[in-house]
Amino acid sequence: MQYRRLGHSGLQLSALSLGAWATFGTRVGRSEARELVAVAWDHGINFFDNAESYAQGDAERMMGDVIADLRLPRDGYCVSSKVYFGSAASPRPTQRGLSRKHVHDACHAALARLRVEYLDLFFCHRPDPDAPVAETVWAMDTLIRQGKVLYWGTSEWPAALIREAADLARKHRLHPPTMEQPEYNLLHRRRVELEYAPLYGELGLGATTWSPLASGLLTGKYNAGVAEDSRLGHPAHAWLRPGVLEEGRRLERARAFAALAAELGLAPAPLAIAWCLRNPHVSTVLLGASRVAQLLENLQALDLAERLDAAAWRRIEAATDV
Ligand SMILES: NC(=O)c1ccc[n+]([C@@H]2O[C@H](COP(=O)([O-])OP(=O)(O)OC[C@H]3O[C@@H](n4cnc5c(N)ncnc54)[C@H](OP(=O)(O)O)[C@@H]3O)[C@@H](O)[C@H]2O)c1
């Protein structure tokens, strides 16, 4: 494994990490989850990502359960949660969003579900137009001062809002956001590469990037249709189909990528993940896996990122840019 600093912070995260979205508590049961976390840990993964909303809290329960069962040393791994969407099927107004109340309640609920005394990383899962940014910054700072959160950050916030939060924190001597969690893959590059570009240096922002395979599309598994035993074939995740398959000629670009990977004699999944790793602003690439074999294949990205030459990466970018 390779380790990278979370932005300008001192926290060293594994360059590849494991998330529980759309897997734990839906496609993945407890024993498979245990095996996934065990294999991840054995390969040096030290960051496990979660959110209050994943499987309505069941993903965090399952992750907390298996981490405790595996007796991972608390000082050896990092775990995250995210607040915004709520964990109830139909959250009441105080059960969602980024008010001081919900940030407080969501943190404590995540601590209980994950069976830990503090969250290493705590993200605001989306911006909340109904909560003043200052209120959220103060709420996060309070949790940090109470020792319940170590680093707080955002997920899919516009750059201007991240800057506003950081400016407010500086002005009031509060803890600023340390990291952002954006989507980043060969089919979705703009925000990480352009919009956030000034923030890495100016704010020391780290990036824990998600969906390196665009929900599996970049493995080539949807090139000839949607199989029942895939994420998009699962009834709980069918709502993802239009976004994953249809927008921006994504299927066509994924097919071109798979064809090039075949020509290069490489498996598409680790190749797509390796491409994410090559961006030095990426602190960690969050992997998703519904099976151990997928995780093992995806871990090969670490070697691939070093092995290919610049000309090959240019061809890969050109193929997905069609
Ligand atoms: N902050 C946010 O808003 C946000 C949003 C989304 C995700 N995330 C985080 O990022 C993590 C990763 O996102 P993601 O799960 O979308 O990542 P992804 O890598 O784009 O998709 C992972 C899925 O692709 C399939 N897959 C993975 N490896 C494969 C392989 N080698 N061969 C064939 N299929 C393979 C599996 O689905 P099937 O086997 O079921 O088809 C797997 O669950 C999440 O768990 C979560 O922690 C955050």
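The values are calculated or read from the model by the stated rules, or taken from the named source; none is laboratory data. Note that the coordinates shown come from a computational prediction; the quantities given were computed from them, not determined experimentally. Glycine also receives a Cβ, built like all others from the backbone with ideal geometry; neighbour counts cover every protein chain displayed. SASA here: full protein model, heavy atoms, side chains in, ligands and nucleic acids out. Shrake-Rupley method; radii C 1.70, N 1.55, O 1.52, S 1.80 Å.
Of all DSSP beta bridges confined to segment 75-158, the antiparallel ones make up roughly 0%.
Please identify which residues in segment 163-182 have an amide N closer than 12 Å to a label point set 7 Å out from the Cα of ALA134, following the Cα→Cβ vector. Under cut-off, by backbone N: 168-169, 171-172.
Diagonalising the gyration tensor over the Cα atoms of segment 15-87 and scaling each eigenvalue by 5 before taking the square root yields semi-axes of 19, 13, 11 Å, largest first. Taking 35 Å as R0, compute the FRET efficiency from the Cβ-Cβ separation of ARG170 and ALA112 and round it to 0.05. The value I calculate is 0.60. Among beta bridges from DSSP that stay inside the chain, the antiparallel ones total about 15%.
Our coupling estimate for segment 203-220, obtained by passing each phi through the Karplus curve with A = 6.51, B = -1.76, C = 1.60 and θ = phi - 60°, is 9, x, 5, x, 10, 9, 8, 10, 6, x, 9, 6, 6, x, 3, 7, 7, x Hz, Gly and Pro reported as x. Report, as a whole number in µm² per second, the diffusion coefficient that Stokes-Einstein gives for segment 1-139 at 4 °C and 1.567 mPa s using the Kirkwood radius over alpha carbon pairs. The estimated diffusion coefficient comes to 84 µm²/s. Its alpha carbons give segment 36-76 an Rg and a Dmax of 10.5, 29 Å.
Each pair of Cα atoms in segment 137-283 enters the Kirkwood radius, and Stokes-Einstein at 37 °C and 0.692 mPa s then converts it into a translational diffusion coefficient of 191 µm²/s.
The amide H of PHE123, built 1.01 Å from its N in the peptide plane, has SER81, LYS82, VAL83, GLY153 as neighbours under 5 Å, considering only residues 5 or more places off or on other chains.
Peptide packing for 35-46, 167-178 was compared via the average number of neighbouring C-beta atoms within 10 Å per residue; ordered from the highest value, the list is 35-46, 167-178. Answer with one residue from ALA258, GLY243, LEU111: the one whose Cα lies farthest towards the positive end of the charge dipole of the chain, charges on Cβ with Lys, Arg +1 and Asp, Glu -1. In the chain, that residue is LEU111. To put it simply, the accessible area of the chain at a 1.4 Å probe is 50 percent carbon and sulfur.
Taking the square roots of 5 times each eigenvalue of the Cα gyration tensor of the chain, largest first, gives ellipsoid semi-axes of 30, 22, 19 Å. A straight Cα-to-Cα reach below 22 Å connects LYS148 with the lysines LYS82, LYS101, residues fewer than 8 places away in its own chain not being considered.
Each label was represented as a point 7 Å from its Cα along the Cα-to-Cβ direction; for ARG71 and ARG92 these points are 4.2 nm apart.
Per residue, the chain reaches -12000 deg cm²/dmol at 222 nm when only DSSP H runs of four or more residues are counted, each adding -39500 (n - 2.57). With Cα atoms as the point set, segment 86-199 shows a radius of gyration and Dmax of 14.3, 40 Å.
A 1.4 Å probe run over the protein chains yields, for the chain, 42 Å² of accessible area per residue, whole-number rounding. Within segment 268-321, all pairs of alpha-carbon atoms sorted by distance into 5 Å bins from zero give the percentages 4, 19, 29, 23, 16, 7, 1.
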